[in-house]
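A.B. asks: Submitted below is the structure of interest, expressed as structure tokens.
Throughout, read-outs are computed from the coordinates displayed, never taken from laboratory work. Since the model is a prediction, treat every value here as computed from it, not as a measurement. Glycine also receives a Cβ, built like all others from the backbone with ideal geometry; neighbour counts cover every protein chain displayed.
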Amino acid sequence: MYKQLYLSLVLTIFVGMQVFAQGPTPQPSHVVNAAPIEEVQVPPPPEMAPATVPPTASTAPLTQDQLNEFQAGKSYYRDKDGNIKELQAALVSFDAYEYDFGNIPLESKIPYHFVFENKGTTPLVISNAWASCDCTDVYWPETPIAPGEKASIHIIYDSKDRLGKFFRTITFSANTLDKTHNLYIKGVVVKNMEPIFYEMHDAISE
């Protein structure tokens, strides 16, 4: 009886040693190999056509006759149908837009005439004129100035109680593309000079 128990114990120990030597039973893997990701090819954007600039009056070609007339004072524009036409408007052009009196005497009235020409195609009408200071009187033609004719805007500066430097603006409105225009006078009022007096009718008659 003891012999059988001894043999069973030996057999059990032997089997246990074999199992220990073999290690744990490998388990089946549950990891699934993923399929490779294909690279998506993005097509390039389509080429854009270059922008085109519609023709305008500034890029419209002029004939030689039109160019000569433009240099003589006439203007042209392109209408909605693309045709070049002469601009029907008055065009005022001055010999000078600014005048420097230099040194003038105190307590005086000094005149000046701004001479201009209508280089447009229609009569020029000056509707109003004024100065930036009540020290300056302004007279302008009340009748239309025909194309090609010349006229003047007359001013008289009053230096009473205005010792030192001055700068004044004369503005007038007319039937031109630019509705208002500016002229300028400047100078220095000094002492120890003989006073000069002009009235409006004296200045205009010169």
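A.B. asks: If I stretch the segment between N103 and T122 completely, what's the gain in nm (0.36 nm per residue apart, minus their alpha carbon distance), one decimal?
C.D. replies: This chain segment gains 2.9 nm when fully extended.
A.B. asks: Calculate I(q)/I(0) for segment 118-202 by the Debye formula, one identical point scatterer on each C-alpha and no solvent, and give its log10 at q = 0.16 Å⁻¹ to two decimals.
C.D. replies: Cα-only, vacuum Debye calculation for segment 118-202: -0.71.
A.B. asks: Most exposed first by the Cβ proxy, i.e. fewest other Cβ within 10 Å, how do T180, T122 rank?
C.D. replies: With the sparsest Cβ surroundings first, the list reads T180, T122.
A.B. asks: On to the next question. Have a look at segment 90-163 and give its Rg and Dmax from the Cα atoms, expressed in angstrom.
C.D. replies: Cα only, segment 90-163: 14.3, 45 Å (Rg, Dmax).
A.B. asks: Further question: Cut-off is 10 Å between beta-carbons; in what order do K179, K109 appear when sorted fewest neighbours first?
C.D. replies: By the 10 Å Cβ count, ascending: K179, K109.
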